[in-house]
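Following: one structure in structure tokens, then a few remarks.
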Amino acid sequence: MEHQEVVGHLADVERIMAYRALRIARGDTTPLPGFDENAYVPVAKFDARALADLVGELRTARAATSRCCARSTPMRGGAAARPAASRSACARSRS
């Protein structure tokens, strides 16, 4: 796997996990669909893009996650009531 594919994959996963964290934070109880991360890479053609461009895209996605988590209203019962996945996604975005 090329460096571009790794960074592009990280950007994709950042967006997907941010979406999941947002749904959980908003109390959405509908099932979260899975995704096949291995199917995303060939379709995205990350290897045809400049590494610097992909790093910029990852930084932008990460910044959006950080802002979303910073303004997210806690669910009833506070952080303890939220699943660990949501808490950890937001905690990682603040670091």
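The values are calculated or read from the model by the stated rules, or taken from the named source; none is laboratory data. Predicted model only: the values in this text are computed from it and were never measured.
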Which numbered condition TYR40 fails, given (1) assigned to a helix (DSSP H, G or I); (2) under 14 Å from the mean Cα position of the chain (by Cα); (3) not hydrophobic (A, V, I, L, M, F, W, C): (2)
For ALA52, all conditions in the list (1) modelled with pLDDT of 95 or more; (2) at positive phi hold save one; what is the number of the exception? (2)
